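Okay, structure first, notes after.
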Amino acid sequence: MANRPLSLASYLALPRKRTSDLSVAPMPDRPSGPLVWAHASQGEQLRALSDLCRRLRQQREDFSCLLTYSNGAQPRIELGGTFCMQLPADTAVNAAAFLDHWKPTVGLWTGAELHPTLLRQAADRNCALALLDIRDMPFTTSAPRWLGDTVTATLRLFDRHFAVNGNALRRLRRLGLQGSSVRVAGPLLETPLPLPCNDGEHSEAAAILAGRPVWLAARVQREEVDIVLHAFRHVRRLAHRLLLVILPDVGVDPVAILSELEDSKLRHVCWDTGEQPNEATEVLLVVDTAELGLWYRLAPVSFVGTSLLVGHQGRDPYEATALGSAVLHGPNVGRYLQSYAKLDKAGAAKLVTDAETLAASVSQLIAPDRAAQMAHAGWEVVSEGAELANQVIEFLNDALDTAEAE
């Protein structure tokens, strides 16, 4: 073990309480096999870290994933079945309890708030460590100021340092970190996996549509269907061949939507029962959400639902943008607020508030060049974090392979 700088050794030797905060609330059982631990300094980073775990699982399945965060209640986001918990205070007894239980094989840490005790103990247990999303801002620890610099010694515990840009890289250099472990790799952003789609089914559906313009209303709630149909009636005055595809959110009763379609007098068919749209069909109902990957690929414009009415929290817009569909959405997207704000700013998504604004936006985006511009902007957003994601996946694979060989 390398000698510890005096300031870090002094911090680790400070008297602390003898009982662990983790003994109050039992932790979930640890699965067998390797474990990837990823820590978010901010709640919104959890989804990006979860995306990394999903990407890694495409390449290997021999691991579990634990996500941790520092402060506050667990963010209300979907984390794809991974474990998630708040880290306790950075004390020796807490660190030992956490590491004794989870025994991480490899760890990812984000942000400028460092936990020297936890990270030191993790390194001592041969847990490979990488620091992501390093920005040009001061690092902090909970060590008393009179101890001097504990930051540089803590940073040296990491095997890789991924800086956002050149300014962040120069900050690391000034702190004495050199060598190939320190590199610029871009920011930590959500890098969603494209929803799956069978190539044969895509070709068959494209042939059935025969070049008709398609507008998808995805993950809509029952109460949003009337708004969507009202907007469709406006748009079809300008685009007589337009086909509206409605795909309700999970848990929405398709029978109720079929009943509303019957009352609307619009010509409709249901894809899931084997019916196929013809030139006269106006609305296609698709019930199975597993078909989202197909219809996002076929629809140049998508309204992402569960967003128009108060009380809803929105659905993931990157499902659409990752597959080249321009996004329209309502104002109630609190669960994915940062994602929508980023897409809106980039010109990849557009806010609508009612049937009239929805109809106006769809009418504008029926023009292929307008939809293509928004789709291109969306692709740039979702691919912005690809460089870091690729390098982190390589680091994780190397660490897991090394642990397996030992």
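Scanning the range 306-317 for residues that are in contact (Cβ under 8 Å) with a residue 24 or more places away in the chain and either at negative phi or aromatic (Phe, Trp, Tyr) (or both) turns up SER307, LEU308, LEU309, HIS312, GLN313, ARG315, ASP316, PRO317. When LEU351 is tested against (1) without any contact (Cβ under 8 Å) to a residue 24 or more places away in the chain; (2) touching a helix residue (DSSP H, G or I) at 6+ places or on another chain (Cβ under 9 Å); (3) closer than 19 Å to GLU190 by Cα, only condition (3) is not met.
A single member of SER32, SER23 is modelled with pLDDT under 85 and over 20 Å from the mean Cα position of the chain (by Cα), and it is SER23.
For (1) at pLDDT 95 or above; (2) within 20 Å of PRO187 (Cβ to Cβ); (3) in the same structural domain as CYS127 (by TED's automatic domain parsing); (4) in a loop (DSSP other than H, G, I, E, B), each residue gets a yes or a no:
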{"position": "ALA38", "(1), (2), (3), (4)": "yes, yes, yes, no"}
{"position": "GLN42", "(1), (2), (3), (4)": "no, yes, yes, yes"}
{"position": "ARG55", "(1), (2), (3), (4)": "no, yes, yes, no"}
{"position": "CYS84", "(1), (2), (3), (4)": "no, no, yes, no"}
{"position": "LEU99", "(1), (2), (3), (4)": "yes, no, yes, no"}
{"position": "TRP109", "(1), (2), (3), (4)": "yes, yes, yes, no"}
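Okay, residues lined up against (1) assigned to a loop (DSSP other than H, G, I, E, B); (2) outside the structural domain of ALA399 (by TED's automatic domain parsing); (3) not basic (Lys, Arg):
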{"site": "ASP136", "(1), (2), (3)": "yes, no, yes"}
{"site": "THR152", "(1), (2), (3)": "no, no, yes"}
{"site": "LEU157", "(1), (2), (3)": "yes, no, yes"}
{"site": "PHE162", "(1), (2), (3)": "no, no, yes"}
{"site": "ARG173", "(1), (2), (3)": "no, no, no"}
{"site": "GLY176", "(1), (2), (3)": "yes, no, yes"}
{"site": "SER180", "(1), (2), (3)": "yes, no, yes"}
{"site": "SER203", "(1), (2), (3)": "no, yes, yes"}
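At least 1 residues being of a type in the set (Phe, Trp, Tyr) and under 18 Å from HIS230 (Cβ atoms) is the threshold, and among the strands (runs of 3 or more DSSP E) wholly inside the range 279-391 those reaching it are 301-304. The single condition among (1) of a type in the set (A, V, I, L, M); (2) touching a residue at least 40 places away in the same chain (Cβ under 8 Å); (3) surrounded by fewer than 24 Cβ atoms within 10 Å (Cβ to Cβ) that ALA320 does not satisfy is (3). Residues that are part of a loop (DSSP other than H, G, I, E, B) and either in contact with a Gly (Cβ under 9 Å, 6 or more places away or on another chain) or at pLDDT below 95 (or both) within the range 116-134 comprise just one, CYS127.
The values are calculated or read from the model by the stated rules, or taken from the named source; none is laboratory data. Bear in mind that the values here come from a model prediction, so they are computed numbers and not experimental data. We place every Cβ from the backbone using ideal geometry, glycine too, and count neighbours over all the protein chains shown.
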